[in-house]
Amino acid sequence: MGLQLQDIPRVETITKKDFISNYFRPQKPVVIERFIEDWPAYSKWNLEYMSEVAGTLEVPLYDNRPVKHDEGFNEPHAKMKMSDYIALLKREPTKYRIFLWNILKEVPELQQDFTFPDFGLRLMKGLPMLFFGGEDSYTFMHYDIDLANIFHFHFEGKKQCILFDQEQSKYLYKVPHSLITREDIDFANPDFNKWPALKRANGHVANLEHGNILYMPEGYWHYMRYLTPGFSMSLRAIARNPKNLSKAIYNVFVMRHYDNWMRKRKGQAWIDHKNEQAIVRTHATLGIS
């Protein structure tokens, strides 16, 4: 038995009116399959092209190692020239990923390959971010610090996305004062004997291919696994729900700084305490001994 996951609805394309009424207002995810076929990026963007236009740039790389107290917020685990990294992706499976790579800042000419779609939300035009991963690499289950509405455009390869809304947080072993669940949970094949609360969580799943867009509503938890080497771009729009917006402000201006302060003060003991509390709080809330 696996996680209780519903397939995310899929549409070929969508109008602004239908998106707002059917997905944004009820805050439901959707995959849009053929919306960007008129973008130059649709035919141009692949790993080889990225190696051509950005090959000489040094890029930050991240893997699946657990969070450590002495690592800064989003501090990379390694660095490599983009051309070397893409050669690695093509050659063999690797856990190294690129995330939150601002293409406007790093390779401005890539802006000419896409447009900001009108879904009825004001997209943050200064923050188009690219994400790369090798075969079987994955992100920890997490939600974004700003609880934004996210449009995730996938290019090359196949990627599996598992989503949960915020109402499922009580089942996910959320680590206090952070945006992640326990990092030792394998959401692709969870051990329910070790993590029994996960059996009660209800989520969503979709596999993305080249040209697909995944809409992730505000504050949705997401776990991304690259089934083959590939990359994606995310565009985001600020949270509109007042509760989510206030939570985003708290995360940015209070929670993150408090967590960093406690890391400096207590070191690895703070990380270990939070990981323990993720289990204690989850099981206590659900009456699991």
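Counting only aspartates and glutamates at least 8 places from K16 when in the same chain, those with an alpha carbon closer than 16 Å to its own are E33, D118. Using only side-chain charges placed at the Cβ, +1 for Lys and Arg and -1 for Asp and Glu, the dipole size of region 142-272 relative to its Cα centre rounds to 440 debye. Compared with the direct C-alpha span, the chain from L57 to D18 gains 10.0 nm at full extension, assuming 0.36 nm per residue. Taken about its Cα centre, the chain carries a charge dipole of roughly 1140 debye when the Cβ of each Lys and Arg holds +1 and the Cβ of each Asp and Glu holds -1. Working ranking of peptides 193-201, 9-17 by packing, defined as the average number of other Cβ atoms within 10 Å per residue, highest first, is 193-201, 9-17. Computed extension length for K243-A78: 55.7 nm, one decimal, from 0.36 nm per residue of separation with the Cα-Cα distance subtracted. Taking square-rooted eigenvalues a ≥ b ≥ c of the alpha carbon gyration tensor, is region 94-249 rounded, prolate or oblate, where a/c under 1.5 means rounded and, failing that, a/b exceeding b/c means prolate? Here region 94-249 falls in the oblate category. The DSSP beta bridges internal to region 4-286 are antiparallel in roughly 90% of cases.
Its relative contact order, with pairs defined as Cα atoms under 8 Å and 6+ residues apart, puts region 4-286 at 27 percent. Taking the average, over residues, of other Cβ atoms within 10 Å as the packing measure, peptides 76-84, 202-210 rank 202-210, 76-84 from highest down. Applying 1/(1 + (r/R0)^6) with R0 = 30 Å to the Cβ-Cβ distance of K264 and A188 gives a FRET efficiency near 0.30.
Cross-link check: pairs K95/K199; K174/K266; K174/K264 evaluated at a Cα-Cα cut-off of 25 Å; pairs beyond the cut-off: K95/K199. Straight-line reach from K90: taking Cα to Cα under 28 Å and skipping same-chain neighbours fewer than 8 places apart, the lysines in range are K44, K79, K81, K105, K158, K159.
Distance from the C-alpha centroid of region 157-191 to that of region 254-268: 22 Å, rounded to the whole angstrom. Stretching N102 away from E33 to a fully extended chain increases their span by 22.4 nm, per 0.36 nm per residue minus the current alpha-carbon distance.
No lab work stands behind these numbers, since they all come straight from the coordinates. None of the values given here were measured: they were computed from a predicted structure. In this analysis, Cβ positions are derived from the backbone assuming ideal geometry, glycine residues included, and neighbour counts consider all displayed protein chains.
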